[in-house]
């Protein structure tokens with residue numbers, strides 16, 4: 001038998017799971033896949049703020065200032081613009097496909113299973129590794145709080161990893177385990193705790209602004225762009241870490257009341273609120289202390305308040321706010337990671353243990369404890385600086401894919417119900433991709449090499465495990 005000429009062979013089909021199938025399998029228009037709809041718009045906004053505001057502004061501000069100087073305000077604005085374009089895309093996709101998988105599910109519905117798996121793999125950086133990074137930042141402010149309250153702090157050996165001059169970071173492990181305990185108890189309890197912490201952290205940042213602006217000196221902002229355009233770009237790549245987490249809102253698609261309406265609204269409110277806060281805090285910090293001083297101090301906000309008030313009380317209040325703020329990020333981001341793994345498990349791409357929901361608490365309890373234990377290890381032994389850039393580039397890559405997914409879904413499913421549409425289509429998602437790639441460039445070649453190695457490992461995991469077990473090809477047996 002003659003073999004067909006290569007040119008005549010049919011092109012391989014992408015393994016795409018249509019949006020309607022994703023929604024039907026998750027029960028997103030009903031009660032959810034064992035999950036309960038308990039989150040309203042206010043709780044969802046608080047959840048988003050809880051996932052965003054934390055280590056990036058309380059700890060990472062100094063790194064961004066060191067790169068950009070007073071022009072760090074432009075760095076935050078550039079990072080915000082990147083987020084806004086991508087937020088439009090998340091809002092459209094979150095309203096059209098209201099399921100727990102977030103960008104993983106969006107990629108599965110538009111770009112195929114292999115791309116979706118690699119997106120889910122990258123989300124291990126955004127949600128998993130960032131939990132470790134955030135927990136390390138929590139440990140730093142816990143020591144600042146203890147020093148303010150009792151004049152004592154944990155020894156370096158027990159509050160920092162080997163890369164930071166210690167042995168093991170016990171506080172970082174503790175905050176992860178506490179977050180896991182709360183998440184396992186139930187989404188309603190977690191949402192209430194996150195809402196309370198989000199309101200508190202915004203209040204603390206407003207208090208910081210009120211104090212810091214009393215010591216504002218315009219001369220501290222001059223010269224403005226001390227490190228030029230390159231410094232602004234490098235600062236924006238670092239500042240972007242401060243915005244990581246807003247897309248976690250879309251991981252709650254199956255536990256939100258009226259998700260097609262509330263998910264897009266919550267995303268836009270969160271980005272606008274957080275951007276205003278970040279830019280104001282950056283101006284107040286540099287104006288009150290000077291760029292060189294801010295860039296040299298990890299717990300800069302507390303130190304600025306101490307200097308302005310000539311007392312450790314104000315700094316202690318800021319440190320307390322940071323401890324609460326960063327703990328809420330750990331809680332919200334861990335929530336997002338468990339829901340991503342839950343969606344991948346339903347599809348057969350990761351072990352089935354991740355999709356099991358406790359009938360008592362309606363939460364993926366085993367999934368949550370696995371995530372907590374796995375990412376407590378790098379939290380205990382890694383340095384914050386060692387993972388920030390890798391987390392950032394992985395997140396930016398996922399966001400670039402989400403922007404592409406909007407275009408792909410418009411072409412493949414033009415009639416699909418959408419509660420929100422990106423403005424200025426197709427310019428908006430195209431600009432979103434461009435800004436993501438630009439900030440990825442600013443992370444440096446060493447980070448690119450690490451990220452490339454990470455993707456190679458992910459591709460091998462998919463080829464050796466996920467592809468053959470995919471339920472899109474071989475559906476699970478009834479009752480399995």
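The values are calculated or read from the model by the stated rules, or taken from the named source; none is laboratory data. None of the values given here were measured: they were computed from a predicted structure. Please note: Cβ atoms are built from the backbone with ideal geometry, for glycine as well, and neighbour counts cover all protein chains shown.
Within the set 457, 422, 461, 398, the sole residue that is under 17 Å from residue 106 (Cβ atoms), outside any loop (DSSP other than H, G, I, E, B) and at pLDDT 85 or above turns out to be 398.
Residue 111 - would you say it is farther than 27 Å from residue 415 by Cα, surrounded by fewer than 23 Cβ atoms within 10 Å (Cβ to Cβ) and either in contact (Cβ under 8 Å) with a residue 60 or more places away in the chain or in contact with a helix residue (DSSP H, G or I) (Cβ under 6 Å, 6 or more places away or on another chain) (or both)? No, not satisfied. Just to be sure before I move on: is residue 296 at pLDDT below 80, more than 15 Å from residue 138 (Cα to Cα) and outside any helix (DSSP H, G or I) in the structure I sent? Yes, satisfied. All of 172, 180, 198, 135 fail the test of being assigned to a helix (DSSP H, G or I), in contact with a strand residue (DSSP E or B) (Cβ under 9 Å, 6 or more places away or on another chain) and closer than 29 Å to residue 396 by Cα, apart from 135.
Per the listing 158, 149, the residue uniquely at pLDDT below 80, in a helix (DSSP H, G or I), under 30 Å from residue 305 (Cβ atoms) and over 22 Å from the mean Cα position of the chain (by Cα) is 149. Looking at the range 464-477, which of the residues that are without any contact (Cβ under 8 Å) to a residue 12 or more places away in the chain and in a loop (DSSP other than H, G, I, E, B) is surrounded by the most Cβ atoms within 10 Å (Cβ to Cβ)? This residue is 475. When 154, 158 are screened for being touching a strand residue (DSSP E or B) at 6+ places or on another chain (Cβ under 9 Å) and free of Cβ contacts under 8 Å to residues at least 40 places away in the same chain, only 158 passes.
Select from the range 437-454 the residues that are assigned to a loop (DSSP other than H, G, I, E, B) and surrounded by 15 or more Cβ atoms within 10 Å (Cβ to Cβ) and list them in ascending order. Within the range 437-454, 442, 443 qualify.
Set side by side, the residues 249, 271, 304 differ, and just one is modelled with pLDDT of 80 or more and either in a helix (DSSP H, G or I) or more than 24 Å from residue 321 (Cβ to Cβ) (or both), which is 271.
Residue-by-condition table, conditions (1) farther than 30 Å from residue 261 by Cβ; (2) touching a helix residue (DSSP H, G or I) at 6+ places or on another chain (Cβ under 8 Å):
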{"position": "393", "(1), (2)": "yes, yes"}
{"position": "401", "(1), (2)": "no, yes"}
{"position": "413", "(1), (2)": "no, yes"}
{"position": "430", "(1), (2)": "no, yes"}
{"position": "450", "(1), (2)": "yes, yes"}
{"position": "458", "(1), (2)": "yes, yes"}
{"position": "463", "(1), (2)": "yes, no"}
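Regarding residue 366, is this residue touching a helix residue (DSSP H, G or I) at 6+ places or on another chain (Cβ under 6 Å), outside any loop (DSSP other than H, G, I, E, B) and over 18 Å from residue 84 (Cα atoms)? Yes: the conditions hold for residue 366.
Conditions tested, residue by residue: (1) in contact (Cβ under 8 Å) with a residue 12 or more places away in the chain; (2) within 20 Å of residue 239 (Cβ to Cβ); (3) surrounded by fewer than 19 Cβ atoms within 10 Å (Cβ to Cβ); (4) in contact with a helix residue (DSSP H, G or I) (Cβ under 9 Å, 6 or more places away or on another chain).
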{"site": "278", "(1), (2), (3), (4)": "yes, yes, no, yes"}
{"site": "327", "(1), (2), (3), (4)": "yes, no, no, yes"}
{"site": "374", "(1), (2), (3), (4)": "yes, no, yes, yes"}
{"site": "383", "(1), (2), (3), (4)": "yes, yes, yes, yes"}
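In the range 337-359, the residues that are in contact (Cβ under 8 Å) with a residue 60 or more places away in the chain and at positive phi reach residues that are assigned to a loop (DSSP other than H, G, I, E, B) and surrounded by fewer than 22 Cβ atoms within 10 Å (Cβ to Cβ) with C-beta atoms within less than 6 angstrom, at least six apart or across chains, in these pairs: 348/470; 348/471. For first residues located in the range 408-420 and buried (at least 18 other Cβ atoms within 10 Å of the Cβ), partners that are part of a loop (DSSP other than H, G, I, E, B) and lie 6+ apart or on another chain with Cβ distances below 8 Å form the pairs 408/111; 409/416; 410/425; 410/426.
Selection over the range 336-363 of residues that are in a helix (DSSP H, G or I) and surrounded by fewer than 23 Cβ atoms within 10 Å (Cβ to Cβ) gives a count of 6.
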